[in-house]
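A.B. asks: Pasting a structure here, questions to come.
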Amino acid sequence: MKKAELKDIYFNIYMTYTNSYTTLEDIGYKYDISKQRVWQIIRYCTLGDGNYYKGLESYNKAHRKMKDTFKENGSKAVNEAMRNWLESEGVRLIKTKHG
């Protein structure tokens with residue numbers, strides 16, 4: 001599948017989630033993907049104002065910056081910093097068992 005086709009599918013997934021009461025599981029079933037993948041698509045589309053690839057680029061840029069900033073503190077510090085960044089960008093977070 002071409003990038004343009006995927007971009008349209010990702011946007012449709014994002015719009016379905018944001019404009020209806022359809023569950024992640026139901027969206028995943030419709031597109032034959034896991035609910036975890038649906039959540040990842042929604043997260044990146046949220047970061048990119050509906051554009052998955054723009055959001056992915058933004059996420060990767062922030063992740064590289066956090067890795068450089070917190071390299072002495074380990075992966076837990078990087079993960080916490082990324083969660084804080086995602087929250088500041090308006091991305092809803094899934095609670096972890098650690099808080």
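What follows is calculated from the coordinates using simple rules that are stated; it is not laboratory data. On a predicted model such as this, the values are computed, not experimentally measured, just so you know. When we count neighbours, we look across all protein chains shown, and the Cβ atoms used for this are built from the backbone with ideal geometry, even at glycine.
A.B. asks: Check each of the chymotrypsin sites (Phe, Trp or Tyr not before Pro) in region 1-43 and keep only those in coil by DSSP with at most 15 other C-beta atoms within 10 angstrom; list them in order. Show your work: numbers first, answer last.
C.D. replies: On the way: sites: Tyr10, Phe11, Tyr14, Tyr17, Tyr21, Tyr29, Tyr31, Trp39; in loops: Tyr21.
Taking region 1-43 and a limit of 15 other Cβ atoms within 10 Å, the loop chymotrypsin sites (Phe, Trp or Tyr not before Pro) found are Tyr21.
A.B. asks: Now for a separate question. So which trypsin sites (Lys or Arg not before Pro) in region 21-87 pass both tests, a DSSP loop state and at most 15 other Cβ atoms within 10 Å of the Cβ?
C.D. replies: Lys71
A.B. asks: For the chain, just say rounded, prolate or oblate: build the C-alpha gyration tensor, square-root its eigenvalues into a ≥ b ≥ c, call rounded for a/c under 1.5, and beyond that prolate if a/b exceeds b/c, oblate if not.
C.D. replies: Note, shape of the chain comes out prolate.
A.B. asks: Of Lys2/Lys54; Lys7/Lys61; Lys7/Lys95; Lys7/Lys76; Lys2/Lys35; Lys7/Lys67, which pairs sit farther than 26 Å apart, going by alpha carbon to alpha carbon?
C.D. replies: Beyond 26 Å between Cα atoms: Lys7/Lys95; Lys7/Lys76; Lys7/Lys67.
A.B. asks: Taking region 20-99, which GluC sites (Glu not before Pro) meet the DSSP loop condition and have no more than 11 other C-beta atoms within 10 Å?
C.D. replies: Counting only loop positions with at most 11 other Cβ atoms within 10 Å, the GluC sites (Glu not before Pro) in region 20-99 are Glu72.
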